[in-house]
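Computed from the coordinates by the stated procedures, all read-outs in this text should not be read as laboratory data. Remember, predicted model here, so these are calculated numbers, not experimental data. All Cβ positions, glycine included, derive from the backbone under ideal geometry; neighbour counts span all protein chains shown.
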Amino acid sequence: MKFLLLVALFVVAASATENNDPISLESNVEYNGKYHYHYELKDGSKATQDGVLKSVNAEHNGEAVNGKYSFVGDDGKTYVVSYTADENGFQAVGDHLPTPPPTPESVLKALEYIRLHPYKTPEKKN
């Protein structure tokens, strides 16, 4: 019985990794913090990422990362996401990702009014 369970476990493990074996894999990390990696799997998944260390301001360093990944969904379509991650956060772009609705005209007018008429702190009267 244990032998049968072991064989079944081996078959499941072999079939689970069958499509995820790497086709290509490369990575490079430089002494200055710059790096690059890329991989491609048999199931069609791919990822590429490049990063550099950068000075955000006089007191803080950070990373700037650009990347892209793709995968084949259950529906057979290939989905691609490009992204940037830096001091402004993670920003992903892809045709399948939702986008916000357009900003209403009334909000645009209010923002323009605020820009043209900035708030001024009232002077204190003594």
Top positive-direction residue, dipole computed over the range 87-126 with Cβ charges, set PRO101, TYR113, GLN91: TYR113
Two-site label geometry, TYR83 and TYR31: point separation in nm, points 7 Å out along Cα→Cβ: 3.1 nm
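By how many nm would the segment from GLU63 to ALA47 lengthen if fully extended, with 0.36 nm per residue of separation less the alpha-carbon distance? Spell out each step's value before the answer.
Values: separation 16, 0.36 × 16 = 5.76 nm, distance 1.84 nm.
So the extension gain works out to 3.9 nm.
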Per-residue ³J(HN,Hα) for the range 30-38, Karplus 6.51 cos²θ - 1.76 cosθ + 1.60, θ = phi - 60°, Hz, x for Gly and Pro: 9, 4, 8, x, 6, 8, 8, 9, 8
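Could you list the GluC sites (Glu not before Pro) in the range 21-55 that lie in coil according to DSSP, counting only those with at most 16 other Cβ atoms within 10 Å of their Cβ? Show your work: numbers first, answer last.
Values: sites: GLU26, GLU30, GLU40; in loops: GLU30.
For GluC sites (Glu not before Pro) across the range 21-55 that sit outside H, G, I, E and B with at most 16 neighbouring Cβ atoms in 10 Å, the list reads GLU30.
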Eligible lysines near LYS46 by straight Cα distance, threshold 30 Å, same-chain separation 8 or greater: LYS34, LYS54, LYS68, LYS77
Whole-Hz ³J(HN,Hα) from phi, Karplus 6.51 cos²θ - 1.76 cosθ + 1.60, for the range 22-27, glycine and proline x: x, 8, 9, 8, 9, 8
Sequence-distant residues sharing a close amide H with GLU63 (under 5 Å, placed H): LYS54
Pair GLU123, ASP21: separation of 7 Å Cα→Cβ label points (nm): 8.1 nm
